[in-house]
Each structure stands twice: as structure tokens, then as C-alpha cells.
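Reading through the C-alpha cells given below for one structure.
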Amino acid sequence: MGMESGVRPGTQEQGPRPTTVPRVGVQSVRQPAFGSGIVVSLIVFGLVLVLAISALGDADGDRIPLLQTTNALYWGLAVIVVLVAAIGAQYAERNAAQAAAAVGHPRPATAMATAWTVPAVATLAAVLLVATYHNGLMLLLGPLIALFGTAGALLSRDLLDDVGDTTHRTATVIHTLVIHAIAFLALGVIYYNKLPTWLAASFVGFVGSLLILETLERGIITPPRRVFYALLGGGVMAEAMVAVNWWQTHGWSGGAVLLVCFYLTGGVLLARSQRSRIRSRDLVEFGLVSLVAYVVLASAA
């Protein structure tokens, strides 16, 4: 909208007219903010690709799969790559939060700096996968998992800032799918390697806590309570891993069981964080879906 100059005929000048500032849309500010997320995703893609190349080699069948072609240097670099993904994702999220606040959509008081959780777990899953399979196919798939896990997590959080009902529902679906896809890959590869029970349970509890913490982003509870719920959910996942690790099966079936457990645990905690009490419908939904999934997986094992 252009500004008028001069004085209308027949009126008396009252002083300078206020300047009309054009409204900046959420999308126009969001695009450069999410651009930093794309840059972070590409950097993580490149770093995981380097790790995947270094993990290529002939397998030593006497060792745990993820240790067959890797050494201390690989795992030291892997820790650095996961940290880069976490720090970069949080930086991109800060830019997105500032952009949202600039157009009148500040983050709620219950928001926490948890944007790093899913990218970190996605990168960890990619690092474990390329170490476990150390073949040409994983040379491509591993970096792509880190790329899309990081970008998808940041995109879904970015869309959650939009107040439109349709966009918000879409963002919720994307947010849920990304978290559960990364959960399956991370939990599945941990189970696949058949690590010692105490180590596997610790890994699964850690991963479960981080992903549940991010899942509760859609809740309305205070940060301390949110952390407590995440730790509670992680404890449940660790206990589930203890039970599943004794299951006489191999491959990715155990990872599927852990995913169902994550769906049930995270879903109930999210429902509790969104309402004052859990509805019977929530219990039926999560309980019934989980029961059917458990029966199918146990029958197929």
C-alpha cells in the first residue's frame, strides 16, 4: 500500500501522517529461516557419507555387526557428527522461532529447546546403520536417513507455528510420522545388533526419552513436567528392551515390537499432556492398536 503525500483539499494539516507498514506473511519470513535447516541437513548428509565410506569393508563374523568394520576413530567421529546435527538443528530452530515471533506468532511459554532431539537420533540411527551393514546400499541410504530425518523434523516444527487449522493438522501428521520413522530405525538397529542387555536397554531408554520429549512438543504441560514424562517413558522403553532382548528372534521384528511399545507409551503420555485426564477413547485407541500389532508380530516371528 502506498503512502499519501500532501493535505487533502478542505482539510487542515494536523502533522505528519502515520506510516503504514506492509504486513509480512509467515511464509515469506519462514522460507529463509527454514533455509538454514536445509543447510544443516546437507552438512549432516555429507558427514554421514564420509563415515559410511570409512565403514565399508569385509565383515568379521565373530563380532557384533556394528563393530565388524569400525574402530575407535569411527565412533569418535560419529559422536562429533551427532553433535553437529544437534547443534545445527537447534540453531536453525532458533532462526525459525525468531521469524515466527517477528510476524506475531511467538512460541508458547511451555516451549522447550528440543528441536535437536530428532535430528540427533536420526543421525545416530544413520551412523549405527552404516556401521552395521557397511555395504554399498547403505552408503546411500545412511546419509539420506540423516538428511530427511533432520529436514523433516525441522520442517514439521516450523509448520506447527502456523495458526491455520489445516496447516496445523498437516504439521502434526508430519511431525508424528517423522518421529515414529526415526524411532523404528533407531530402535530396530539397536535390537538387530543384539547388544548386551544392559547396554541395549540404556540405548533404547535414551532414544525413547529424547523422542518422547519431542513428541510432547504438542502438549501444554510445563517444561519440568515434560522432562519427567520423557524420563518416565524412557524407563518404560528400557524395560521393554530387557524383555524383547530375550525374545528368540532376530532381524527387525524386535525393532517393530519396540516401535509399538513407543507408540503406546508416547501416545498415552501425549494425551495426558494435552488434557487434564486421559479419555477412555485414548486408552481404547492406543491399547487396541498396540494389542493387534503385538499379536501380528508375535504370530509372524
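Bear in mind that the values in this text are calculations on the coordinates, not laboratory data. Given the structure is predicted, the values throughout are model-derived calculations rather than measurements. Neighbour counts run over all protein chains shown; Cβ positions are idealised from the backbone, glycine included.
A few remarks follow.
- The equivalent ellipsoid of segment 173-301 has semi-axes of 24, 17, 12 Å, largest first, where each one is the square root of 5 times an eigenvalue of the Cα gyration tensor.
- Using a Förster distance of 45 Å, the FRET efficiency for H168-T197 (Cβ separation, nearest 0.05): 0.65
- Fully extended contour minus Cα-Cα distance, from V50 to V295, at 0.36 nm per residue: 84.1 nm
- Radius of gyration over Kirkwood radius for segment 115-211, both on Cα atoms: the Rg/Rh ratio is 1.04.
- Length gained on full extension, V242 to R277: 9.6 nm, using 0.36 nm per residue less the C-alpha separation.
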